[in-house]
Structures are given as C-alpha cells and as structure tokens.
1. Being out of contact with any strand residue (DSSP E or B) (no Cβ under 6 Å at 6 or more places or on another chain), away from ligand 2 (no atom under 16 Å from the Cβ) and open to solvent by 30 Å² or more (accessible area, probe 1.4 Å) narrows it down to one of GLY52, GLY87, GLY67, so name that one.
2. Could you check ARG107 against (1) among the basic types (Lys, Arg); (2) within 17 Å of the chain's Cα centre (by Cα); (3) away from ligand 1 (no atom under 16 Å from the Cβ) and say which number it fails?
3. May I ask you to say which residue of ARG112, ARG167 is over 16 Å from the mean Cα position of the chain (by Cα), more than 30 Å from GLN337 (Cα to Cα), open to solvent by 70 Å² or more (accessible area, probe 1.4 Å) and in contact (Cβ under 8 Å) with a residue 40 or more places away in the chain?
4. Going by the conditions given, is VAL336 within 21 Å of GLN187 (Cβ to Cβ) and either touching a helix residue (DSSP H, G or I) at 6+ places or on another chain (Cβ under 6 Å) or in contact (Cβ under 8 Å) with a residue 40 or more places away in the chain (or both)?
5. Which condition from (1) open to solvent by less than 10 Å² (accessible area, probe 1.4 Å); (2) β-branched (Val, Ile, Thr); (3) not in a helix (DSSP H, G or I) is the one that VAL286 breaks?
6. Here is a list of conditions, (1) open to solvent by 40 Å² or more (accessible area, probe 1.4 Å); (2) outside any strand (DSSP E or B); (3) at positive phi, and GLY271 meets all of them except one; can you say which number that is?
7. How about the range 117-150: which of its residues are within 16 Å of ligand 2 (Cβ to nearest atom), of a type outside the set (Lys, Arg) and surrounded by fewer than 21 Cβ atoms within 10 Å (Cβ to Cβ)?
8. Looking at LEU276, LEU297, LEU265 in this structure, which one is open to solvent by 50 Å² or more (accessible area, probe 1.4 Å), more than 25 Å from ILE43 (Cβ to Cβ) and touching a residue at least 12 places away in the same chain (Cβ under 8 Å)?
Amino acid sequence: MTSTQATVGVADQQIDAAVWMEVGRIDLVPVTPPAVGPRDVEIEVGACGICGSDVHRFLEGQWSTPGQRLGHEFAGTVTALGQEVEGLSVGDRVAVNPAVPCLECDRCREGRTNLCSGLRGAEGGLAQRVRVPDAQLGRQIFLMPDSMTMEEGAFLEPLSVAVRAVRREQLPPGEPVLVAGLGTIGQCVVRVLLDAGVETVIGVDTSPVRRRAAEEAGALVLAPDEVRPVVLERWGQTVSPYQTSGALGGVFECSGAPSALAQALELVRAGGFVSLAGLFATPPAVDVNAVVQKELLLRGAFAYTMDDVQEAFALASSGRLGLAELVSDRFPLARVQEAFQRQADTHSTIKVVVHP
Ligand SMILES: [Zn+2]
Ligand SMILES: [Zn+2]
C-alpha cells in the first residue's frame, strides 16, 4: 500500500531499512524516514551491531511484528536535528543510547530507568538513516572523539549492559570471578572486570574463537567441562554449613545455559554472588538450597540506566577495552539477511557488524 500523505517541510527521500518479515526472514525494504521532531536527531548510520536479542527474533520470532525495523546498537553521523536539540550539529559523529525512559513512572523516579514502565526505544539502526527521539547530549547521544571508530560506538549499548551487571556487584578483592558465556555481553563483562582491577577473571565458553578473544583481553579461559576440575584444583574447596563449594567470589552468568547456572551455584563460595545477565530459553532447574545455605546473592541485571551508559561511554571512548577486536564479521546493509544468519552461529562469531 502506498500513501501520498506528506510531512510538511520534509523532503521524503526513501531509505533502505532492515525489517522483520517472518521467522528466518529479514528483508531490506524502502521506507519513508519518519519526520524529525523538535527534540529528535536523525543519524546516517555508520555501523550497527546485531544483538543476541535480534537473533532470537530472527530464529524464533520473539518480540517481533511484520514490518518492524531492527537494529539498536549503532553509531553514525548527524544529518538533521530538531530546533530544541542542544549541543549538536549536523556532521557530528555520535554513539547512541537507544533506550528512552519516560522519566515519570515510579521506577524512573527512583533512578531505575532500565525498569521504566513506558520504555521506548530508538530502533531501526539497520538502515541508512535512523531517527533518535529525545536526543539529549550525554544521555541519548554521545559525541565520539576522533580516535573512536563507528564500530566502537556501536558497542555502547551492549557495553552498557555489561557495565550495569558489574556495577551492581561488590567485587571480592583477590578472589577469582567467573564469566559464563563469552558472547558480546560476556566479553564486555570480562573487559570491564579486568579494567576494574579484578586479577583473576575466568572466561568460559564452548567456542574456541570466543575463548581466544577473552584470553587476549587477559582472562583465563576454559571450556565448560574444564571448569569444575580446574577451579577446584587451583583454588580448592570452601566449606560452609551443609555445603561444600568452590572458591569463586562471584559469577556473571551471561550464557543462558541451565548447566552453567547449576555450576555457578556449586562453585561460588558461601556469601558470594551470582549475577544473572543472560536470558534462558528453557527455565533452569536451580538448587535453591545452595542459594539458601550459602546465602548467595542471586541477582538479575537488566539493560542499563543513564549512569551505566555514561560510564560505558567513558570506557568505550578511552579505547582501553579493545572493543574493536570483538568484531568478527562485517557486512554491507544489502547483505543484512546473511549478517543475521552469520550472527546466529554462536560458535565461530563474536559480533557481526553491518555497515549501511
Ligand atoms: Zn542489544
Ligand atoms: Zn519510566
């Protein structure tokens, strides 16, 4: 269906955008870009990462309706801005925080904007151009230094997720911390922990490619079946009432694998933490007695607040984390369907980035 309805004052030049059509099918279709409102910014996308959640949409259809535009991990160049937007100019290179909280609901008022009841998102980064609503500098939009690449800017969103998970826990000085699952979030958690001074970070994944990337960042890496023997041999057992455990100070669960969570609950010492940063496709059967008797802190970490994004941007723009090394594959927008197929292969990829 075509519409002749025009937005006053806007020359509607169509762009190509990746949209969800049905399970297993992402099409590139011509769309009319939405008008840029007084508080909005329009960006020509320089790089857009494909998220694990995008892959679930692609493979299983979660959270998706036909025609929906995709892509929320992106950076680009400002092409247009509304009159009320301050501190930005056309041509600025920017990284985007795509989560737009309402700032008015109960959770927003207590600062937990990640749990906003009216959370909106700037999606549509898998396109030549995208509109970012409520584009406040230092909140939704971050000016990138010349040293920062578009790809590094595209990591702002997943890095913010990792920063939130780490910020919520008290890192036990001198004790080993394990990260289960070395996809993009796990890789970012590894890097944030090492940057925060954690001496021993153990990264676990079935994929040798993913293990190698974490090892190059400074983690000790293990395959899942090596974890139990190596952790018990190197750091020994710990004993608490009714429980014998490993000596891990904490675990960041980023894999969504029930067996990894079971292992975490066994190997973390009494009083330690297990941070849940990954979603589970199948509900895990958990030994709740270990949680009770070891007084474990079993805590969820979901998305990110403004504080998390600001800290993530400081880290990403410093260049210290080696984020560029996490890009395993690059595709032009014209091959976006292939890019999704590639990202669905969790064994040989880390982050697939699309360059529109
Ligand atoms: Zn994401
Ligand atoms: Zn809210």
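The values are calculated or read from the model by the stated rules, or taken from the named source; none is laboratory data. Bear in mind that the values here come from a model prediction, so they are computed numbers and not experimental data. Note: ideal-geometry Cβ built from the backbone for every residue, glycine included; neighbour counts use all protein chains shown. With ligands, DNA and RNA removed, areas are computed over all heavy atoms of the protein, side chains included. Shrake-Rupley method; radii C 1.70, N 1.55, O 1.52, S 1.80 Å.
1. Just one listed residue meets the conditions, GLY52.
2. It is condition (2) that ARG107 fails.
3. Sole residue among the options that is over 16 Å from the mean Cα position of the chain (by Cα), more than 30 Å from GLN337 (Cα to Cα), open to solvent by 70 Å² or more (accessible area, probe 1.4 Å) and in contact (Cβ under 8 Å) with a residue 40 or more places away in the chain: ARG112.
4. no
5. VAL286 satisfies all of (1) open to solvent by less than 10 Å² (accessible area, probe 1.4 Å); (2) β-branched (Val, Ile, Thr); (3) not in a helix (DSSP H, G or I) except (1).
6. (2)
7. SER117, GLY118, LEU119, GLY121, PRO133, ASP134, GLN136
8. Step by step, each of LEU276, LEU297, LEU265 is checked, and only LEU297 is open to solvent by 50 Å² or more (accessible area, probe 1.4 Å), more than 25 Å from ILE43 (Cβ to Cβ) and touching a residue at least 12 places away in the same chain (Cβ under 8 Å).
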